[in-house]
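The values are calculated or read from the model by the stated rules, or taken from the named source; none is laboratory data. Computed from a prediction, not measured in an experiment: that's the story for all the values here. When we count neighbours, we look across all protein chains shown, and the Cβ atoms used for this are built from the backbone with ideal geometry, even at glycine. Protein only, heavy atoms only, side chains kept; ligands, DNA and RNA dropped before computing areas. Shrake-Rupley method; radii C 1.70, N 1.55, O 1.52, S 1.80 Å.
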Amino acid sequence: MHHEKGRTEMKKRFAVSTVLMSTALVLGTTTAWAETYTSTGNSTANITFTISEAPIVVDPTDPKPGNEYKPGKEDNPVFGNKGPLTLDYASNFNFGSQDPKGGQTTFESLDQNPFVQVTDRRSEKNTWNLSVKLGAFKNIDSSKKTLTNATLTIEEGTVQTLDGLVNSPEVAPVNKSVTLTAGDANGAKTILTSVADTVSTWQVYWEPAKDALTNSKIKLDVPVHAQVQGTHTATLEWTLTDAVN
């Protein structure tokens, strides 16, 4: 009996020890954790753009970056303006030699690639306006004013930027048609208006109809009584203005 009682007590102690060990193992697995740390700092990336050269005037028929337009003999020279907002180029308008017979009063331009170009490289997101005014016609031989009441109509053209740039209609400048009266001192008309974020090179391209010999988007109207002999020239005055919002 004494031996039996001893075995029973040993079994109880062994059972208790087993339970305690099991509890210790369970507690060990649930109370262990890994502590995390966060450490931050800042650095910079820098670049400087200097506006020292005039923008490239780009070929309107293929306006890829760097695809320079080479003015022809009758074209206007490139302006070469420098700065963050520049008027880069505006075409001459040529109407050729006409014989004033049959009462014709409207003459279409002979230009195949007329265009105007503006480049906006400003850091401020301001708008800008491009206006144009037509001076009085003068006979180049006598310097006398001629072509009284003549008007020049420039229809809407295609507003375009350099190929490869991502643009949406919301940021493109808005072009509209204008009719200019020769010699009108107050006759300047706004032909191109920007929105507030148009950093890019922009053109208005008056592309003629395919295979057409004349350009119907640019027309000169001269009353019959003003069609006098001689070569007559007028200056188109283009003005680009930074409009601060």
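Within region 216-240, residues that are farther than 18 Å from Phe93 by Cα and in contact (Cβ under 8 Å) with a residue 40 or more places away in the chain sit with their Cβ atoms under 7 Å from residues that are of a type in the set (Ser, Thr, Tyr) and open to solvent by 60 Å² or more (accessible area, probe 1.4 Å), at 6+ positions apart or across chains, in these pairs: Ala226/Thr148. If the condition is being open to solvent by less than 50 Å² (accessible area, probe 1.4 Å), in a loop (DSSP other than H, G, I, E, B) and touching a residue at least 60 places away in the same chain (Cβ under 8 Å), then region 196-213 contributes Ala196, Thr198, Trp206, Pro208.
If you scan region 102-125, which residues turn out to be charged (D, E, K, R) and within 16 Å of Leu152 (Cβ to Cβ)? Full working, then the answer.
Let us first name the residues in region 102-125 that are charged (D, E, K, R), namely 108, 111, 120-122, 124-125.
Listed by number, the residues that qualify are Glu108, Asp111.
Which of the residues that make up region 33-73 are under 30 Å from Thr158 (Cβ atoms) and of a type in the set (Asp, Glu)? Within region 33-73, Glu53, Asp59, Asp62, Glu68 qualify. Among the residues of region 214-229, the one identified as β-branched (Val, Ile, Thr) and in a strand (DSSP E or B) is Ile218. Once region 230-245 is narrowed to residues that are assigned to a strand (DSSP E or B) and at pLDDT below 95, the residue that is least open to solvent (accessible area, probe 1.4 Å) is Ala243.
Please indicate, with yes or no, whether at least one residue in region 221-229 is touching an Asp or Glu at 6+ places or on another chain (Cβ under 9 Å), within 18 Å of Ser109 (Cβ to Cβ) and open to solvent by 40 Å² or more (accessible area, probe 1.4 Å). Within region 221-229, none of the residues are touching an Asp or Glu at 6+ places or on another chain (Cβ under 9 Å), within 18 Å of Ser109 (Cβ to Cβ) and open to solvent by 40 Å² or more (accessible area, probe 1.4 Å). Checking region 161-169 against the condition returns a match, with at least one residue being surrounded by 15 or more Cβ atoms within 10 Å (Cβ to Cβ) and closer than 25 Å to Tyr69 by Cα.
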